[in-house]
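Visitor: Below: one structure in structure tokens.
The values are calculated or read from the model by the stated rules, or taken from the named source; none is laboratory data. In this text, all values refer to a predicted model and were calculated from it rather than measured experimentally. Here the Cβ positions follow ideal geometry from the backbone for every residue, glycine too, while neighbour counts run over all protein chains shown. Accessible surface areas use protein heavy atoms only, side chains included; no ligands, DNA or RNA. Shrake-Rupley method; radii C 1.70, N 1.55, O 1.52, S 1.80 Å.
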Amino acid sequence: KDLAADYNAYTFEPHVTVLAGIGGPQEAVLAAVEQASKQLAPTDYRFSQVKSGTFYFQCVFLLVQASAEVHRAHQVTKSALLKQGVALHLPNPEYMPHLSLLYADLDEDVKLGIAEKLGHGSEGEQLLAEGFQAMSLVVLRTDPSDKQMTSWEQIAEFPLSGTSQTDH
């Protein structure tokens, strides 16, 4: 929230997007995500570096270490949605798991400076050392044109109740 205040930006709940660009009947989306949640175990997310991006919703972010379990969450969810006949309009062809720190329209040099500052020193070490365990899949209705996120709405949350692939 301090970072958002520093750059006159909007605040948002920290999250890692498993899949974006989902279209289709809400019932089919919810059935697919619920099915995926039953196949996935709680998953540890760790961070590798602070980066800046070219999109408003990827202004400055923590890049997630791409573990097999992190990618499995994406693939299982994607597969479940496709089996339900849900249309996917993926904004990026490659999945890049990340946790955004700032949503803003800033000049490239400003974004790079923020990422550089956050990625170094004790603050950077603390940011990268702090991971989290995802315990659920959350379905949000979002409008990418709504940069204030006032129209964004949580539709459902499903606890991860499957077993880890690394447990086998």
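Visitor: Going through segment 1-15 one residue at a time, which ones are outside any helix (DSSP H, G or I) and of a type outside the set (Asp, Glu)?
Guide: Here is the first cut: in segment 1-15, the residues outside any helix (DSSP H, G or I) are 1, 7-15.
Within segment 1-15, 1, 7, 8, 9, 10, 11, 12, 14, 15 qualify.
Visitor: Hey, could you check segment 55-64 for residues that are of a type in the set (Phe, Trp, Tyr) and over 17 Å from residue 132 (Cα atoms) and say which is surrounded by the most Cβ atoms within 10 Å (Cβ to Cβ)? Even if it seems obvious, please write down each step before you answer.
Guide: At the first step, the residues of segment 55-64 found to be of a type in the set (Phe, Trp, Tyr) are 55-57, 61.
Narrowing further to those that are over 17 Å from residue 132 (Cα atoms): 55-57.
Numbers: 55: 13, 56: 15, 57: 18.
Per the criteria, the residue is 57.
Visitor: Suppose we keep only residues that are open to solvent by 30 Å² or more (accessible area, probe 1.4 Å) and of a type in the set (Lys, Arg) within segment 111-150. Which one would you say is nearest to the chain's Cα centre (by Cα)?
Guide: 141
Visitor: Filter segment 14-29 down to residues that are surrounded by 14 or more Cβ atoms within 10 Å (Cβ to Cβ) and either within 16 Å of the chain's Cα centre (by Cα) or more than 18 Å from residue 143 (Cα to Cα) (or both), then give me how many there are.
Guide: Taking segment 14-29 and keeping what is surrounded by 14 or more Cβ atoms within 10 Å (Cβ to Cβ), we get 16-20, 22, 24, 28-29.
Of the ones still in play, those that are also either within 16 Å of the chain's Cα centre (by Cα) or more than 18 Å from residue 143 (Cα to Cα) (or both) are 16-20, 22, 28.
Looking only at that region, the number is 7.
Visitor: Another question about this same structure. Given the residues 67, 52, 79, 37, which is the only one that is open to solvent by less than 70 Å² (accessible area, probe 1.4 Å), among the hydroxyl-bearing types (Ser, Thr, Tyr) and over 24 Å from residue 165 (Cβ atoms)?
Guide: On the way: 67 fails: over 24 Å from residue 165 (Cβ atoms); 79 fails: over 24 Å from residue 165 (Cβ atoms); 37 fails: over 24 Å from residue 165 (Cβ atoms).
Just a single option satisfies the conditions, and that option is 52.
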